[in-house]
Amino acid sequence: MSDFLEQLTRRLRRKQAEEPARGAVESSEVDIAGAPPSPVAPPVRLPTPAPEPAVAPSLAAAVPRPQARAEHGDIALVFAPDGPVAHLLGDTYRPRQGQALMARLVKRALDGGQHAFIEAGTGSGKSFAYLIPLIWTGSRAFVSTANKTLQNQLWEKDIPALRCIAPRPFTAALLKGRGNYVCQVKLKELSQQLTLPGLGPSIGDLVARLEQTPSGDVEELRLFGELRDALTVGQHDCLGRRCPMLSRCYYELARIQAEKADIVVLNHALLAFNMVLDGQIVEPRDVIVIDEAQDFVHYVVGALRLRLEYDQVPAFVNDTVVMRNADDKLRGRTMQANHELFTHLAQSGDQQQQNEHRWASPDELPLAGKLAGHVNSICKQLMKRYPPVPGGGERNEENARHQTAIEWAGQLADAILSLSRAVPEDKVRYCEKSSPPFRGGRGGRKGPGKRPGKKKEAHIVLCQEPVEVADFLRESLWGATKTVVCTSATLTVNQRFDYFDNGTLRWCVCGRYHLLSFQSALA
């Protein structure tokens, strides 16, 4: 270890006359470029010192911006004992060999247009090890995480700290799902009320808080429960591009910032949905870092999953536009068909299966076909009976709500019809007991969820998902992205990548990736 640190110190002080580094240290890297993905050799384990200390504010403010010498040289020099990171973090900084090696491998992947899979133990300093190569090379990248704790660490701590030592200015943006931002239309509706649901502050108080929090992020505003529900929208509440307040929409403004930013921090769910939607949320990048990568496949499966809850059809049938423009008898038959379907699902299988959280669904569901027909009939009535407001155009709020309801009806009918047919060979269909309440409908209405006294059929969720997502990932991630860096503290089992290889690496484009594993020794 001491030899390694001395070498870094000497190289930092030496003029940059050497050739650019090739990437991770050869003796410490398992490099299988050009070879089939399996079998995978045992990873090398490298001890490393203590966790990343907090940034020393006084030092961070005073640290000089370094010359861009590590951009084309050895990125490990940034982590040297008297390098930029040391100056940033102060006297508590201790260089870690594994962190420097990881940064080298990330930069090598960026330079060569390759993928990298890196297991790094807790406390290894993974975030700096991938952020620094991204920023130093001027890459435009997505950085995806599985939980809010790491997301907040990146956004509130790591990225602001690295601005102090980066060799060039860079921009960054935090992007969350639509339901994480205050809706301007809902805010306008609630402005007519003297008090707001839940906590009871005045509308003036909320507007003042929004002036202090221009992002409109409900978490930053500390909006919870009923108040949050009243001020945000779900998938079918939002008027989308037709909204008359589109130019002031907090979510759309966040998307615009993300499009312009060099580094975009988001979560696995949003990244997976963006892949499914072919980049309709935010334009794809050539570089993606997936932290906590062991969880990512589950989010991809979730994005490809068809899911029908008991409360979705009642939320649609009781929508304001539907109630005004569809026959009451047709709406009633739709509700009855929905009840019959979920009663049948609740009774499917034997008692032992229903005592479990999940059980197999019947292969064909003619009752679902009947329900889809009713929903489709409502869709036809909406298209036929509603007269658009003259001269209003799409941006008229009433017209926008009606068009949104028509799209909702079509999407719901298509999904239910797919669930009525025989299960395709590459998919699996099952029933499960509901967990969080369904969030749908307009005007802040939310599904009742799992409450005492609710009948058992109302707790059932019908799901259909792919058995595996290998082809999807090969096309939409590995083949479509120049460099993907997957990292986590848990990518190997018994010090081998075999499990992750069978589950994920075999979906990678053969011959375009590197493997590295090291563990941290927390002192």
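Each value in this text was obtained by applying a stated rule to the coordinates, not by laboratory testing. Everything quoted here is computed from the prediction, not taken from an experiment. Counting neighbours? That spans all protein chains shown, and the Cβs are built from the backbone with ideal geometry, glycine included.
Across the stretch 226-242, in residue order, what do the Karplus-derived ³J(HN,Hα) couplings come to in whole Hz, using 6.51 cos²θ - 1.76 cosθ + 1.60 with θ = phi - 60° and x for Gly and Pro?
Result, ordered by residue: 5, 5, 4, 4, 6, 10, 10, 10, x, 4, 9, 7, 5, 7, x, 5, 8 Hz.
When the chain is fully extended, how far beyond the present Cα-Cα distance does Q235 get from D286, taking 0.36 nm per residue of separation? Don't skip to the end; give the middle numbers.
Numbers: separation 51, 0.36 × 51 = 18.36 nm, distance 2.79 nm.
Result for the pair: 15.6 nm of gain on full extension.
Using a Förster radius of 41 Å, what is the FRET efficiency between E156 and E407 based on their Cβ-Cβ separation? Nearest 0.05, please. Spell out each step's value before the answer.
Details: r = 37 Å, r/R0 = 0.90.
Efficiency at R0 = 41 Å is approximately 0.65.
In the stretch 236-321, which trypsin sites (Lys or Arg not before Pro) are in a loop and have at most 15 other Cβ atoms within 10 Å, using DSSP for the loop call? Numbers along the way, then the final one.
Numbers: sites: R241, R242, R248, R255, K260, R285, R305, R307; in loops: R285, R305.
Listed in order of number, the matching sites are R305.
Rounded, prolate or oblate: which fits the stretch 194-319 when a ≥ b ≥ c are the square roots of the eigenvalues of the alpha-carbon gyration tensor, with rounded for a/c under 1.5 and prolate only if a/b beats b/c? Intermediate results must be reported in sequence, preceding the final value.
On the way: a/c = 1.84, a/b = 1.30, b/c = 1.41.
Oblate.
Which length gain, in nm to one decimal place, applies between E219 and E356 when the Cα-Cα distance is subtracted from 0.36 nm times their residue separation? Write out the running numbers ahead of the final one.
Values: separation 137, 0.36 × 137 = 49.32 nm, distance 3.46 nm.
That pair, E219 and E356, stretches by 45.9 nm at full extension.
Please order H357, H298, H344, H402 by the number of other Cβ within 10 Å, starting at the fewest.
Details: H357 9, H298 14, H344 17, H402 24.
Ordered from fewest to most neighbouring Cβ atoms within 10 Å, H357, H298, H344, H402 come out as H357, H298, H344, H402.
Please compare each pair in K186/K380; K384/K455; K370/K455 to a cut-off of 30 Å on the Cα-Cα distance and tell me which ones are over it.
On the way: K186/K380 28 Å; K384/K455 36 Å; K370/K455 22 Å.
Table pairs above 30 Å Cα-Cα are K384/K455.
Which FRET efficiency value, to the nearest 0.05, is calculated for M245 and R94 with the Förster distance at 45 angstrom and r the Cβ-Cβ distance?
Numbers: r = 51 Å, r/R0 = 1.14.
After rounding, the FRET efficiency stands at 0.30.
Label-point separation (nm) for T122 and V467, each offset 7 Å from Cα along Cα-to-Cβ?
Placing both labels 7 Å along Cα→Cβ, they lie 3.7 nm apart.
Can you list the residues of the stretch 203-245 with backbone N under 18 Å from a point 7 Å past the Cα of E259, pointing along Cα to Cβ?
Residues 239-245 qualify, since their backbone N sits under 18 Å from the label point.
Tell me the label-point distance for the pair D278, K148, using the 7 Å Cα-to-Cβ offset, in nm and rounded to one decimal.
3.4 nm
What is the extension gain from Q336 to E397, computed as 0.36 nm multiplied by their sequence separation minus the C-alpha to C-alpha distance, in nm to one decimal? Spell out each step's value before the answer.
On the way: separation 61, 0.36 × 61 = 21.96 nm, distance 3.13 nm.
This chain segment gains 18.8 nm when fully extended.
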